[in-house]
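Okay, structure first, notes after.
The values are calculated or read from the model by the stated rules, or taken from the named source; none is laboratory data. It should be emphasised that the depicted structure is a prediction, and the values quoted were computed from it without experimental measurement. Here the Cβ positions follow ideal geometry from the backbone for every residue, glycine too, while neighbour counts run over all protein chains shown.
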Amino acid sequence: MSATGESLELGSAVPLSQQGPAPTRVVAGFGFWLFLLSDIILFAVLFAGYAVLSGATAEGPTGAELFDKRHVFLETACLLASSATCGFGTLAVLRTDSRAMFFWMFTTFVLGALFLSMEAKEFASMVAAGAGPSHSAFLSAFFALVGTHGLHVSLGLVWLVIMLLQVATLGFQPMVARRFFCFGLFWHALDIVWIGVFTIVYLGAH
Amino acid sequence: MQSQSPAQGHAPGINPHGADHHARSYLVGLGYAIVLTLASFWAASTPLVYGPAVPVLLGVLAIAQMGVHLAFFLHISSAPDQTNNFLALIFGLFVTGLVVFGSLAIMSHLNHAMVSMDQLMKMQR
């Protein structure tokens, strides 16, 4: 990275202890990064629960019987594409280019909503087939883990709408841009959690 | 937009050195992520890979893809100006590992040590 040399030079000129507090953007970003890591630990607990209980099907349906790989592949494609469009949207925020920002972020919203509707359809068909969360420990753990991820995605969509409204009314103030960067981090982190979900829950089903 | 002194470190997700470099990073990351995702779904359904090796392969592909997302989308690296972000990440991974592998180890040990149902019925008689 090109920044490294510069930062080392600057660091030697002014000792770190004499540079004063870091700018708000760095502090806010770091704080949000800590929150994301604690959120990842929450998911780690749910993953551990799922891994322990995945065999406890109470003579009900197993994962291999319930899950449709093609459906999961489409869900994964939606979420991955939305992660990329969110990245391009964040770049548009950096350039304060509101037309590009609205285009990419609207695409992100549509892809996220598509993902959620597919997940809701899957949950509804499972419950209708008698494989609801109360059927077995395996299904309880499944709905807890995948449902918590879905809840995060829903909250992310609400947050995205709020951010679009803030850009529309307040413009690209530093405060609004900071919140947008945090939203981007949140969205990318959810995609990382989804990698764990599709690998362990769906592809690892036996 | 606030300017920042590089020696103060920088926030995850934001690379302050030009948007072009950045767009390329998202595209490269997307390319790697697509290849790794396709490989995962292929590995799960192909008869070409030796069965018991499939979970290991899936695990390796998933960890690689998480690394790609961290590096290209969240822009986390071990560069000197990112020490705080990187240390926090390492601590998060440490706790995650303790929780997941600790739970699995304890529960499999308990399952192993548990008296089977048949024996329990005999003891009650």
Give me the pairs: first residue in the range B:73-94 and without any contact (Cβ under 8 Å) to a residue 60 or more places away in the chain, second residue in a loop (DSSP other than H, G, I, E, B) and surrounded by 16 or more Cβ atoms within 10 Å (Cβ to Cβ), beta-carbon distance under 7 Å, and six or more apart or on different chains, which are they? B:Phe86/B:Ile76; B:Leu89/B:Ile76
Check on B:His75, facing chain A (nearest Cβ under 10 Å), outside any helix (DSSP H, G or I) and either more than 21 Å from A:Leu46 (Cα to Cα) or in contact with a His (Cβ under 9 Å, 6 or more places away or on another chain) (or both): yes
Out of the range B:62-78, which residues are in contact with a Phe, Trp or Tyr (Cβ under 6 Å, 6 or more places away or on another chain) and either buried (at least 23 other Cβ atoms within 10 Å of the Cβ) or at pLDDT below 90 (or both)? B:Ser78
Using the structure shown, decide if B:Ala62 is assigned to a helix (DSSP H, G or I), touching a helix residue (DSSP H, G or I) at 6+ places or on another chain (Cβ under 6 Å) and without any contact (Cβ under 8 Å) to a residue 60 or more places away in the chain. yes
Has the range A:76-87 got at least one residue that is in contact with an Asp or Glu (Cβ under 6 Å, 6 or more places away or on another chain) and touching a residue at least 12 places away in the same chain (Cβ under 8 Å)? yes
Kindly indicate whether any position in the range A:89-96 is away from every other protein chain (no Cβ under 14 Å) and over 16 Å from the mean Cα position of the chain (by Cα). no
Filter the range B:39-62 down to residues that are of a type outside the set (S, T, N, Q) and within 9 Å of chain A (Cβ to nearest Cβ), then give me how many there are. 9
Identity of the residue in the range A:170-197, small (Gly, Ala, Ser) and within 7 Å of chain B (Cβ to nearest Cβ), that ends up surrounded by the fewest Cβ atoms within 10 Å (Cβ to Cβ): A:Ala177
